[in-house]
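Student: Submitted below is the structure of interest, expressed as structure tokens.
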Amino acid sequence: MLKYILKRLGLAFIILIGASILIYMLSMLMPADFIDTQTAAALQSGAMTMDDVMRLKELYGLADKSFGGIMKSYFSWLKSALSGDLGFSFLYQKPVTKVLSEYIWLSFMIAFISYILEIAIGIPMGIKASVNQYSAYDYTVSVFAMMGTALPSFFLSALLLNVFAIKLRIFPLQGLTTATKIFDKNAYIQIFLDKAWHLVLPITVLTLLNAGYIMKFTRTNMLEVLNSDYIRTARAKGLSEKAVTYKHAFRNTMIPLVTTLSGMIPGLFGGAMITETVFAIPGIGYMALRATLQGDIPFIMGYNMFLAVLTVLGMLISDLMYMVVDPRVKLS
Amino acid sequence: MSNYLRSGLMMMTTEKEKITESNVNGNNGNNNIELELEHNFRVISPGRMVAKRFFKSRLSVAGLIMIIFVFLFSFVGPLIVDATWGYKETQVFKIERVSDMFTTADFTGPDGMKYTYYDKSQTVITFKAPPSKDHWLGTDTSGFDIFTRLMYGGRISLVISFIVIFLETFIGIIMGGLAGYFGDWVDLLIMRLVDIFSSLPTLPILLVLSATISSIEAIPPEHRIYYLMAFITLLGWTGVARIVRGQILMLREQEYMMAATTTGISSFHKIFRHLIPNTMPQLIVTATLGLGGVILYESTLSFLGIGVPFPRAAWGSMIALADPAKGQDILANYPNMWVPAGILIVVTVLGFSFIGDGLRDAFDPRMKR
Amino acid sequence: MGLKNFFERKKIEGVDNTMYLTLREERRISKENNRIIKYYERQKARKNVPEEEYLTQMRDPNNVVEFDNLHTYFFTDVGTVKSVNGVTFDVPIGKTVGIVGESGCGKSVTSLSLMQLVQAPTGQIVEGSIRYQAGDGKCYDIPKVPKDRMLKLRGKEISMIFQEPMTSLNPVFRIGEQMDEVILLHEEGATPEIAKERSIAMLKSVGIPMPDKIYTKYPHELSGGMRQRVMIAMALLCNPRLIIADEPTTALDVTIQAQILELLREVKERINGSIMLITHDLGVIAEMADLVVVMYAGRIIEKGTVREIFHDPKHPYTIGLMRSKPSGKLKDNRLYSIKGQVPNPINMPDHCYFLNRCDMAMDICHGEYPKMIQYSPTHFAACYLCGESSFPKNDLAKE
């Protein structure tokens, strides 16, 4: 098994290197004088020196445009990335890694709560739909699932804001905190509740959009399992339909479910760019979108590299979980 | 259609069939095994079976109706509108109406107290007209007729999505086909490429590329759309490639490929005859479902202002008018400007999803009903 | 060879130029099916049904199961498939009945009907009764028994062994768990320890070496033959009155087949229950069965004791089957095979189903379907060949 893990890790590393090359090519999108314009203000205020600017240009392959020069720049960028330095953000005037570490936790919290809710809603509905295939319940639930994937997040957000924030005045419009309320420094509960209240709508949006996918996934896998021979054996043993469904069938469906769901966990740190922006929640997605639209190349590269790492991590975890939940996968 | 579909037919016939190709292995004397069917034997042709299964599902039919509606709306609509009213995509309509205007200001009075100045007056504005007989959905913040813009927006979304899907499928078939057929290092190389491309986060990268393209003044806005399509294609071909390769690998194992080898059919013939028609069902399903995805990406980019350029119409940019960051006015008071665009996006994507799902179920010979 | 021809599939003679169902016919079939299926499903789903509705009397108390004019149909998109089309036979207590016939003749569906395991909602028992004598002396009419009551019979009094041992066991549970489940489900006062003991003892009795080790293993760690032994052990756990074995050896290698058959023979000696053995292999029938039922296209065309069937087959189909068996004695090089095909199960003709393949067909065979003719207290055949029954009917005549 150790050999298998090492092999997968090696593969993941190669994939990430490849991704890093593609992402590094993004820096070539920068026009020639881009760094000059971006650092002009910093240069003038004395926060950076000409040397710093030159180093930046070298780092992003803008100093020496020959092929050898770009290769050199890529490797130096890669080297610093591997040692944890993902560059210095123009927009936020901080190292990219610092921005990441400050803002991913809020995004993670929102994403995680949605994740739990999606599972709690999606799995039971999926099971019920698969047991009653072709029934009215099945159709409604399937349609609901598909609407979840068809709704653009910004549209759903705007709709919910219109109804719940403006017309009904239940939830606040934007932001994480209420600007007009001043809380005592130690009123943690109140601060927490205020923030939570602001997060209800964004979490709702994320949940509604993704619950459908889990429900459909569960339903498809349950249907396949329910048509297997061993389910027929279980029925022949005299087990009730409930036992057949929840004990025998579901335990088999859990294999693809657990592997897929656990593979989604690293992605929860990535942030939801559009939703966070519409609701003005200061998560990493919000920060990243601003940086993207304003051409903060170091941040963009660092952030995308981060996301690629998360994706590959997700694939790794998903594969490893197979070994845990499926007894047929040998652990030798 | 294909052997895959014929298995549905097989459930009604028996195993032996008259082989009209050259003899299989010349087993002395027993080449042509006649098919004896009772005179009252009825069957359904495979193509009809797929169509029948498709139309049986109400969702599939609903999806088809939805897509036909959107197509008519987007392609025939503008022609009708132009003919009857002469409205164009970026034609500005100045409709005067009286509207309330509120002004507030905070200031400190001579007595040191804080006061708020509040003024309500009326002004004449020519944009943001409410729905009327002439403009069924009113006009937007720039004076364009919203209803017409919906049609043009639909047109561009559909065109972009079809072109992108076509390109993705084309590239995917080539890459997947090469990988699956040749195997060895070709397969390894291409699959690593697939892994690398699919590890890239689609939306962020797409945003970067589009934002950069938008900021480069050298590229005219009209050409931005082409770059857009190229970018989405680049990030999306991996799905098709994986499917094609997987199907090819599966089919290579199957017995009838062995049979084809023994009858001496050339390898090129082999691929097109057997492999492509058998991967067709899955490809059609993936392509249909992918259409919705591309529309969502395009509308997201347009929402952020880096997709279809202003002043062209796009559903996403119409919804952008309601962005709460720009103020609550449009969001709260002018739903006619943005809600229909969102509804159309949902209808289109849902329609493609229904059809894609319906096709997938219709092609599957193992369906119990 | 134009581009168009490139993508067209080859036309099959005899298939592409036969008639297709028209759209109207398809729709009519669909509507009918939905109506019928809804009716039967609703009947089956009733709860709290009073016992009188499904209790009845056995015709002969020496039988454990009596099939009486059973009709099980599948309501498919292309029409109604009459899988079991009027099947009547008995399974006496303590005897082994072999059901023999080719693929698609309805033998599996017959046994599934007995267990109420026919693939719903397309498959339904539409007519007839299956009288089962339970351990408590009551006689149940299976088609009328509601689902919740049927659960108590399945696995406990009637158990089934399936054809595919490779896929019949749940891959995520250990062998021991799956076996204990049966005991814990059906036996009053069973504890996990008792269940474990009995499971291991049963594994031992079916010839599995190191049963306590196997108890902890997963199905994928066992070979096909071992899995089938486990299935047999599972079937025996609650001392069933009737075991249904649906082609238990077909999916195994020949050497393993012999072993499993040996085991089944042993089991037959050991238990005092009956066995319904479904197979297309005459060799298995000869070894195991006491009584034989020959099915063809959903109907029984001959039934009798194993001696009668093998030494004195009456129906041309049975005769053909006997001759088709490869035997070392034949001087011919050619293997005998019955010419022709099974008729289309949807539109069955009114005359004898075997007509188009029969060597000995007569004019009268084009008329009505032949009735069952009795040749001995146990031997019946449905054929016009041997004239009227030469055996006097008596009270115990079945059909």
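Student: Which one of the conditions (1) closer than 30 Å to C:E221 by Cβ; (2) within 19 Å of the chain's Cα centre (by Cα); (3) open to solvent by 60 Å² or more (accessible area, probe 1.4 Å) does C:R198 fail to meet, given that it meets all the rest?
Tutor: Unmet condition: (2).
Student: Checking the structure you have, find out if any residue of the range C:233-251 is in contact (Cβ under 8 Å) with a residue 60 or more places away in the chain, of a type outside the set (G, A, S), under 30 Å from C:H351 (Cβ atoms) and open to solvent by 50 Å² or more (accessible area, probe 1.4 Å).
Tutor: Checked the range C:233-251: no residue is in contact (Cβ under 8 Å) with a residue 60 or more places away in the chain, of a type outside the set (G, A, S), under 30 Å from C:H351 (Cβ atoms) and open to solvent by 50 Å² or more (accessible area, probe 1.4 Å).
Student: Looking at the structure I just gave you, is B:L331 over 16 Å from B:I156 (Cβ atoms), aliphatic (A, V, I, L, M) and at pLDDT 85 or above?
Tutor: Spelling it out, it is not the case that B:L331 is over 16 Å from B:I156 (Cβ atoms), aliphatic (A, V, I, L, M) and at pLDDT 85 or above.
Student: Which one is surrounded by the fewest Cβ atoms within 10 Å (Cβ to Cβ) among residues in the range C:252-279 that are among the small types (G, A, S) and under 20 Å from C:R154 (Cβ atoms)?
Tutor: C:G273
Student: Restricting attention to the range B:191-215, report how many residues are at pLDDT below 85, within 7 Å of chain A (Cβ to nearest Cβ) and open to solvent by 30 Å² or more (accessible area, probe 1.4 Å).
Tutor: The number of residues fulfilling the criteria is 1.
Student: If you don't mind, there's one more thing I want to ask. Would you point out which residue out of C:P146, C:P121 is within 11 Å of another protein chain (Cβ to nearest Cβ) and crowded, with 16+ Cβ neighbours inside 10 Å?
Tutor: Just a single option satisfies the conditions, and that option is C:P121.
Residue by residue, here is whether (1) out of contact with any Gly (no Cβ under 9 Å at 6 or more places or on another chain); (2) at pLDDT 85 or above; (3) farther than 30 Å from B:S317 by Cβ holds:
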residue	(1), (2), (3)
A:W105	no, yes, yes
A:L117	yes, yes, yes
A:I123	yes, yes, yes
A:G126	yes, yes, yes
A:D138	yes, yes, yes
A:A145	no, yes, no
A:L160	yes, yes, no
A:A187	yes, no, yes
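Student: Right, next: So B:K128 fits all but one of (1) crowded, with 20+ Cβ neighbours inside 10 Å; (2) closer than 30 Å to B:R252 by Cα; (3) modelled with pLDDT under 80; what number is the exception?
Tutor: It fails just one condition, (2).
Student: When the range A:232-285 is examined, which residues are found to be away from chain C (no Cβ under 12 Å), surrounded by fewer than 21 Cβ atoms within 10 Å (Cβ to Cβ) and not in a helix (DSSP H, G or I)?
Tutor: A:I265, A:A280, A:P282
Student: Before we move on, is A:T177 under 30 Å from B:G358 (Cα atoms), modelled with pLDDT under 90 and open to solvent by 50 Å² or more (accessible area, probe 1.4 Å)?
Tutor: no
Student: Can I ask one more? Tell me which residues, restricted to the range C:75-84, are assigned to a strand (DSSP E or B), surrounded by fewer than 22 Cβ atoms within 10 Å (Cβ to Cβ) and touching a Leu at 6+ places or on another chain (Cβ under 9 Å).
Tutor: C:G79
Student: Related question: Inspect all residues belonging to the range B:245-260 and state whether any of them is at pLDDT 70 or above, within 30 Å of A:L16 (Cα to Cα), within 14 Å of chain A (Cβ to nearest Cβ) and open to solvent by 30 Å² or more (accessible area, probe 1.4 Å).
Tutor: No, because not a single residue in the range B:245-260 is at pLDDT 70 or above, within 30 Å of A:L16 (Cα to Cα), within 14 Å of chain A (Cβ to nearest Cβ) and open to solvent by 30 Å² or more (accessible area, probe 1.4 Å).
Quick grid of which residues meet (1) within 14 Å of chain B (Cβ to nearest Cβ); (2) touching a Ser or Thr at 6+ places or on another chain (Cβ under 9 Å); (3) closer than 30 Å to B:G47 by Cβ:
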site	(1), (2), (3)
C:E51	no, no, no
C:P61	no, no, no
C:D68	no, yes, no
C:S103	yes, no, yes
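Student: Still on this structure: Looking only at helices (runs of 4 or more DSSP H) that fall completely inside the range A:1-88, which ones have 1 or more residues that are at pLDDT 80 or above?
Tutor: Fully inside the range A:1-88 and qualifying: A:2-24, A:67-82.
Student: Quick one: which residue in A:L168, A:L156 is under 20 Å from the mean Cα position of the chain (by Cα) and within 14 Å of chain B (Cβ to nearest Cβ)?
Tutor: Being under 20 Å from the mean Cα position of the chain (by Cα) and within 14 Å of chain B (Cβ to nearest Cβ) holds for just one of A:L168, A:L156, which is A:L156.
Student: Still on this structure, please answer the following. What helices (runs of 4 or more DSSP H) lie completely within the range C:151-251 and have 2 or more residues being more than 12 Å from chain A (Cβ to nearest Cβ) and more than 25 Å from C:A289 (Cβ to Cβ)?
Tutor: C:192-205, C:211-215
Student: For the range A:286-309, which positions are in a loop (DSSP other than H, G, I, E, B) and more than 19 Å from A:S73 (Cβ to Cβ)?
Tutor: Within the range A:286-309, just A:Q294 meets the criteria.
Student: Quick one: how many residues across the range C:301-314 are open to solvent by less than 10 Å² (accessible area, probe 1.4 Å) and out of contact with any Leu (no Cβ under 8 Å at 6 or more places or on another chain)?
Tutor: 3
Student: Oh, and also: Please count how many residues of the range A:213-231 are free of Cβ contacts under 8 Å to residues at least 12 places away in the same chain, within 22 Å of C:M160 (Cβ to Cβ) and assigned to a helix (DSSP H, G or I).
Tutor: 1
Student: State whether the residues of the range A:94-110 include one that is open to solvent by 70 Å² or more (accessible area, probe 1.4 Å), under 24 Å from the mean Cα position of the chain (by Cα) and polar (S, T, N, Q).
Tutor: No, that holds for no residue.
Student: Please specify each residue of the range B:333-351 satisfying the condition of being in contact with a helix residue (DSSP H, G or I) (Cβ under 8 Å, 6 or more places away or on another chain) and open to solvent by 10 Å² or more (accessible area, probe 1.4 Å).
Tutor: Hits for the range B:333-351 are B:P335, B:N336, B:V339, B:P340, B:L344, B:V346, B:V347, B:L350.
The values are calculated or read from the model by the stated rules, or taken from the named source; none is laboratory data. Being a predicted model, the structure only gives us computed values, none of them experimental. Quick reminder, even Gly has a Cβ in these numbers, built from the backbone with ideal geometry, and neighbours come from all protein chains shown. Areas reflect the complete protein model, heavy atoms only, side chains present, ligands, DNA and RNA absent. Shrake-Rupley method; radii C 1.70, N 1.55, O 1.52, S 1.80 Å.
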